[in-house]
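The values are calculated or read from the model by the stated rules, or taken from the named source; none is laboratory data. Bear in mind that the values here come from a model prediction, so they are computed numbers and not experimental data. Here the Cβ positions follow ideal geometry from the backbone for every residue, glycine too, while neighbour counts run over all protein chains shown. Note: areas computed on protein heavy atoms with side chains; ligands, DNA, RNA excluded. Shrake-Rupley method; radii C 1.70, N 1.55, O 1.52, S 1.80 Å.
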Amino acid sequence: DQQVKQNSPSLSVQEGRISILNCDYTNSMFDYFLWYKKYPAEGPTFLISISSIKDKNEDGRFTVFLNKSAKHLSLHIVPSQPGDSAVYFCAAGESGTYKYIFGTGTRLKVLA
Amino acid sequence: EAGVAQSPRYKIIEKRQSVAFWCNPISGHATLYWYQQILGQGPKLLIQFQNNGVVDDSQLPKDRFSAERLKGVDSTLKIQPAKLEDSAVYLCASSLDPTPRAFFGQGTRLTVV
(Lines give C-alpha, C1' and ligand atoms only; values in the text may rest on other atoms or scores of the structure.)
Protein backbone atom coordinates (compact mmCIF):
# COMPACT_ATOMS: atom_id res chain seq x y z
CA ASP A 1 0.00 0.00 0.00
CA GLN A 2 1.72 3.12 -1.26
CA GLN A 3 0.74 6.00 0.97
CA VAL A 4 2.62 8.63 -1.02
CA LYS A 5 2.41 8.60 -4.80
CA GLN A 6 4.17 10.52 -7.50
CA ASN A 7 2.44 9.36 -10.63
CA SER A 8 4.73 11.05 -13.15
CA PRO A 9 8.08 9.25 -13.32
CA SER A 10 9.54 11.96 -15.52
CA LEU A 11 8.95 15.48 -16.76
CA SER A 12 10.70 17.62 -19.36
CA VAL A 13 10.40 21.40 -19.33
CA GLN A 14 11.99 24.16 -21.35
CA GLU A 15 14.35 26.50 -19.53
CA GLY A 16 12.53 29.56 -18.21
CA ARG A 17 9.14 27.86 -18.12
CA ILE A 18 7.27 26.55 -15.09
CA SER A 19 7.83 23.03 -13.77
CA ILE A 20 4.96 21.46 -11.83
CA LEU A 21 5.58 18.27 -9.91
CA ASN A 22 2.67 16.49 -8.27
CA CYS A 23 2.28 14.27 -5.23
CA ASP A 24 -0.75 12.51 -3.74
CA TYR A 25 -1.12 10.91 -0.33
CA THR A 26 -3.73 8.67 1.22
CA ASN A 27 -3.20 8.93 4.98
CA SER A 28 -5.35 11.69 6.47
CA MET A 29 -3.12 11.74 9.56
CA PHE A 30 -0.27 13.22 7.56
CA ASP A 31 0.16 16.86 8.48
CA TYR A 32 3.67 17.73 7.32
CA PHE A 33 5.10 17.49 3.84
CA LEU A 34 8.57 17.93 2.40
CA TRP A 35 10.20 18.01 -1.01
CA TYR A 36 13.72 16.74 -1.56
CA LYS A 37 15.93 17.03 -4.62
CA LYS A 38 18.42 14.34 -5.57
CA TYR A 39 21.31 14.54 -8.00
CA PRO A 40 22.99 11.34 -9.26
CA ALA A 41 25.39 9.72 -6.78
CA GLU A 42 24.32 12.10 -4.02
CA GLY A 43 21.90 11.84 -1.15
CA PRO A 44 18.60 13.75 -1.25
CA THR A 45 18.77 17.37 -0.14
CA PHE A 46 15.92 19.23 1.49
CA LEU A 47 14.17 21.75 -0.72
CA ILE A 48 11.00 23.06 0.87
CA SER A 49 8.30 21.98 3.31
CA ILE A 50 4.74 22.80 4.30
CA SER A 51 2.54 22.01 7.27
CA SER A 52 -1.16 21.31 7.01
CA ILE A 53 -2.06 24.63 8.65
CA LYS A 54 -0.96 26.35 5.45
CA ASP A 55 -1.92 25.88 1.83
CA LYS A 56 1.10 27.54 0.29
CA ASN A 57 4.77 28.03 1.10
CA GLU A 58 7.21 29.92 -1.04
CA ASP A 59 11.00 30.04 -1.12
CA GLY A 60 12.52 31.90 -4.02
CA ARG A 61 11.73 30.08 -7.25
CA PHE A 62 10.11 27.19 -5.39
CA THR A 63 6.49 27.14 -4.19
CA VAL A 64 4.65 24.23 -2.64
CA PHE A 65 0.85 24.12 -2.69
CA LEU A 66 -1.20 21.86 -0.44
CA ASN A 67 -4.81 20.82 -1.06
CA LYS A 68 -5.82 18.92 2.05
CA SER A 69 -9.28 17.98 0.85
CA ALA A 70 -7.80 16.37 -2.26
CA LYS A 71 -4.79 15.00 -0.36
CA HIS A 72 -2.61 16.52 -3.03
CA LEU A 73 0.45 18.71 -3.07
CA SER A 74 2.46 20.20 -5.87
CA LEU A 75 5.85 21.82 -6.28
CA HIS A 76 6.15 24.72 -8.69
CA ILE A 77 9.52 25.86 -9.98
CA VAL A 78 9.51 29.22 -11.75
CA PRO A 79 11.53 29.89 -13.80
CA SER A 80 13.04 26.46 -14.38
CA GLN A 81 16.81 26.30 -14.84
CA PRO A 82 19.03 23.52 -16.25
CA GLY A 83 20.55 23.11 -12.76
CA ASP A 84 17.12 22.06 -11.52
CA SER A 85 17.42 18.82 -13.48
CA ALA A 86 17.27 16.13 -10.79
CA VAL A 87 14.94 13.61 -9.20
CA TYR A 88 12.39 15.19 -6.88
CA PHE A 89 10.87 13.25 -3.99
CA CYS A 90 7.92 14.29 -1.92
CA ALA A 91 7.64 12.97 1.63
CA ALA A 92 4.72 13.04 4.02
CA GLY A 93 4.24 12.20 7.66
CA GLU A 94 2.87 13.15 11.05
CA SER A 95 4.73 16.01 12.67
CA GLY A 96 6.37 15.02 15.92
CA THR A 97 7.10 11.46 14.79
CA TYR A 98 9.85 12.47 12.35
CA LYS A 99 8.87 9.44 10.34
CA TYR A 100 8.21 10.32 6.73
CA ILE A 101 7.04 8.22 3.82
CA PHE A 102 8.68 9.02 0.50
CA GLY A 103 7.14 8.90 -2.93
CA THR A 104 8.86 7.16 -5.84
CA GLY A 105 10.22 10.37 -7.29
CA THR A 106 9.85 12.39 -10.49
CA ARG A 107 12.84 12.93 -12.74
CA LEU A 108 12.83 16.52 -13.98
CA LYS A 109 14.81 17.49 -17.03
CA VAL A 110 15.09 21.17 -17.83
CA LEU A 111 16.09 21.70 -21.44
CA ALA A 112 18.37 24.62 -22.30
CA GLU B 1 29.45 22.46 8.67
CA ALA B 2 30.39 18.86 7.91
CA GLY B 3 27.62 16.76 6.42
CA VAL B 4 26.53 13.21 7.11
CA ALA B 5 29.41 10.85 6.37
CA GLN B 6 28.88 7.31 5.13
CA SER B 7 31.25 4.54 4.19
CA PRO B 8 31.89 2.64 2.09
CA ARG B 9 30.46 4.32 -1.02
CA TYR B 10 30.17 1.04 -2.91
CA LYS B 11 30.13 -2.63 -1.93
CA ILE B 12 29.73 -5.79 -3.94
CA ILE B 13 29.19 -9.06 -2.09
CA GLU B 14 27.92 -12.52 -2.84
CA LYS B 15 24.59 -13.68 -1.49
CA ARG B 16 24.76 -15.17 1.99
CA GLN B 17 27.75 -13.02 2.87
CA SER B 18 27.59 -10.32 5.51
CA VAL B 19 28.18 -6.59 5.14
CA ALA B 20 28.29 -3.54 7.39
CA PHE B 21 27.75 0.13 6.69
CA TRP B 22 28.91 3.02 8.82
CA CYS B 23 27.37 6.45 9.36
CA ASN B 24 28.58 9.53 11.18
CA PRO B 25 25.76 12.08 11.52
CA ILE B 26 26.06 15.84 11.73
CA SER B 27 27.39 16.87 15.12
CA GLY B 28 24.61 17.53 17.60
CA HIS B 29 21.89 15.77 15.63
CA ALA B 30 20.03 13.51 18.01
CA THR B 31 17.91 11.73 15.42
CA LEU B 32 19.48 9.29 12.96
CA TYR B 33 17.77 7.34 10.21
CA TRP B 34 18.72 4.48 7.94
CA TYR B 35 16.84 4.25 4.65
CA GLN B 36 16.89 1.66 1.90
CA GLN B 37 16.37 2.91 -1.63
CA ILE B 38 15.81 0.24 -4.26
CA LEU B 39 16.28 1.33 -7.86
CA GLY B 40 13.21 3.17 -9.13
CA GLN B 41 11.68 3.58 -5.69
CA GLY B 42 11.70 6.21 -2.99
CA PRO B 43 13.72 5.84 0.20
CA LYS B 44 12.13 3.43 2.69
CA LEU B 45 12.77 3.95 6.38
CA LEU B 46 14.46 0.96 8.00
CA ILE B 47 15.21 2.28 11.46
CA GLN B 48 15.10 5.55 13.39
CA PHE B 49 17.22 6.34 16.43
CA GLN B 50 16.74 9.10 18.98
CA ASN B 51 20.16 9.44 20.59
CA ASN B 52 21.10 5.78 21.13
CA GLY B 53 17.53 4.49 21.54
CA VAL B 54 15.43 2.95 18.79
CA VAL B 55 12.28 4.94 17.99
CA ASP B 56 11.01 2.89 15.07
CA ASP B 57 12.31 -0.28 13.48
CA SER B 58 9.02 -1.63 12.21
CA GLN B 59 10.29 -2.03 8.64
CA LEU B 60 13.66 -3.51 9.51
CA PRO B 61 13.92 -7.20 8.47
CA LYS B 62 15.19 -8.24 11.86
CA ASP B 63 16.04 -11.79 10.83
CA ARG B 64 18.92 -10.45 8.76
CA PHE B 65 19.33 -6.74 9.44
CA SER B 66 20.65 -5.16 12.61
CA ALA B 67 21.63 -1.63 13.54
CA GLU B 68 23.16 0.05 16.50
CA ARG B 69 24.05 3.54 17.55
CA LEU B 70 26.55 3.45 20.33
CA LYS B 71 26.97 6.55 22.50
CA GLY B 72 24.28 8.27 20.47
CA VAL B 73 26.65 9.33 17.69
CA ASP B 74 27.94 6.94 14.99
CA SER B 75 25.79 4.13 13.72
CA THR B 76 26.34 0.86 11.89
CA LEU B 77 23.86 -1.13 9.82
CA LYS B 78 24.60 -4.80 9.23
CA ILE B 79 23.12 -7.38 6.90
CA GLN B 80 23.76 -11.05 7.58
CA PRO B 81 23.20 -13.02 5.44
CA ALA B 82 22.60 -10.85 2.39
CA LYS B 83 20.05 -11.73 -0.28
CA LEU B 84 19.87 -10.63 -3.89
CA GLU B 85 16.89 -8.36 -3.09
CA ASP B 86 19.02 -6.39 -0.63
CA SER B 87 20.74 -4.71 -3.58
CA ALA B 88 19.99 -1.04 -3.03
CA VAL B 89 21.43 2.27 -1.90
CA TYR B 90 21.52 2.56 1.88
CA LEU B 91 21.11 6.13 3.01
CA CYS B 92 21.86 7.52 6.42
CA ALA B 93 20.27 10.77 7.51
CA SER B 94 20.21 12.88 10.64
CA SER B 95 18.07 15.69 11.94
CA LEU B 96 18.19 18.30 14.63
CA ASP B 97 15.06 18.01 16.71
CA PRO B 98 12.41 19.27 16.61
CA THR B 99 12.68 20.00 12.90
CA PRO B 100 11.62 17.19 10.56
CA ARG B 101 14.14 18.30 7.98
CA ALA B 102 16.68 15.52 7.54
CA PHE B 103 20.18 15.79 6.11
CA PHE B 104 21.24 12.81 4.03
CA GLY B 105 24.62 11.27 3.39
CA GLN B 106 25.73 10.21 -0.09
CA GLY B 107 24.68 6.65 0.53
CA THR B 108 26.28 3.23 0.13
CA ARG B 109 25.42 1.36 -3.03
CA LEU B 110 25.21 -2.36 -2.26
CA THR B 111 25.18 -4.96 -5.00
CA VAL B 112 24.51 -8.55 -4.01
CA VAL B 113 25.47 -11.09 -6.69
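If you put +1 on each Lys and Arg Cβ and -1 on each Asp and Glu Cβ, how big is the dipole of the protein assembly as shown around its Cα centre, in Debye rounded to 20?
440
Indicate the residues belonging to segment A:36-69 that lose 40 Å² or more of solvent-accessible heavy-atom surface (probe 1.4 Å) upon moving from the chain alone to the assembly of all protein chains, ignoring ligands and nucleic acids.
Residues losing area: A:TYR36, A:ALA41, A:PRO44, A:PHE46.
When the Cα atoms of the protein assembly as shown are enclosed in a convex hull and the volume is divided per residue, what value in Å³ results?
Each residue corresponds to 125 Å³ of Cα convex hull volume.
Using Cα-Cα distances under 8 Å and only pairs 6 or more residues apart, what relative contact order does chain B have, in percent? Please report the intermediate quantities before stating the final value.
Details: 283 pairs, mean separation 41.9, N = 113.
Averaging sequence separation for qualifying contacts and normalising by length gives 37 percent for chain B.
Can you compute the charge dipole magnitude of segment A:4-111 about its Cα centre, using +1 on each Lys and Arg Cβ and -1 on each Asp and Glu Cβ, nothing else charged? Give it in debye, rounded to the nearest 20.
So the magnitude is around 180 debye.
Compare each residue of segment B:28-50 in its chain alone against the assembly with all protein chains, and report those whose accessible area goes down by 50 Å² or more; 1.4 Å probe, heavy atoms.
Output list: B:PRO43.
In what sequence, largest accessible area first, do B:ARG16, A:ARG107 appear using a 1.4 Å probe? Display every interim value, and only then the final one.
On the way: B:ARG16 175, A:ARG107 140 Å².
Accessible-area ranking of B:ARG16, A:ARG107, largest first: B:ARG16, A:ARG107.
Counting only residues 5 or more places away or on other chains, whose amide H sits under 5 Å from the amide H of B:SER87 once H atoms are built in the peptide plane?
Here B:VAL112 satisfy the definition.
Would you list which aspartates and glutamates come within 17 Å of A:LYS56, measuring only between C-alpha atoms, while excluding same-chain residues fewer than 8 positions from it?
Those aspartates and glutamates meeting the cut-off are A:ASP24, A:ASP31.
Label B:THR76 and B:TYR10 with points 7 Å out from Cα along Cα→Cβ: what is the distance between them in nm?
2.4
Treat chain B as a sphere of radius equal to its Kirkwood radius over Cα pairs and apply Stokes-Einstein at 10 °C in a medium of 1.306 mPa s; give the translational diffusion coefficient in µm²/s, rounded to a whole number. Please list the in-between numbers first.
Details: Rh = 13.9 Å.
My calculation gives 114 µm²/s for D.
Just to make sure I understand: if all protein chains stay in place, what is the order of B:ILE47, B:ILE38 by accessible area at 1.4 Å, largest first?
Working: B:ILE47 5, B:ILE38 55 Å².
Accessible-area ranking of B:ILE47, B:ILE38, largest first: B:ILE38, B:ILE47.
Evaluate E = 1/(1 + (r/R0)^6) for A:MET29 and A:ARG61, where r is the Cβ-Cβ distance and R0 equals 35 Å; express this FRET efficiency to the nearest 0.05.
0.70
Which value, in Å² and to the nearest 10, is the accessible area of A:LYS56 when all protein chains are kept and the probe is 1.4 Å?
100
List the accessible area buried at the contact between B and A, summed over both sides and calculated with a 1.4 Å probe, in Å² to the nearest 100.
Values: alone 6380 and 6200 Å², together 10990 Å².
Protein heavy atoms only, the B-A interface buries about 1600 Å².
Can you list the equivalent-ellipsoid semi-axes of chain A, largest first and in whole Å, using the square root of 5 times each Cα gyration tensor eigenvalue?
23, 15, 12
On a straight-distance basis, which aspartates and glutamates could pair with B:LYS83 in a cross-link, Cα separation under 20 angstrom, same-chain partners fewer than 8 positions away excluded?
Hits, sequence-local ones excluded: B:GLU14, B:ASP57, B:ASP63.
Hey, can you find the accessible area per residue of chain A for me, probe 1.4 Å, expressed in square angstrom?
Per-residue value: 48 Å².
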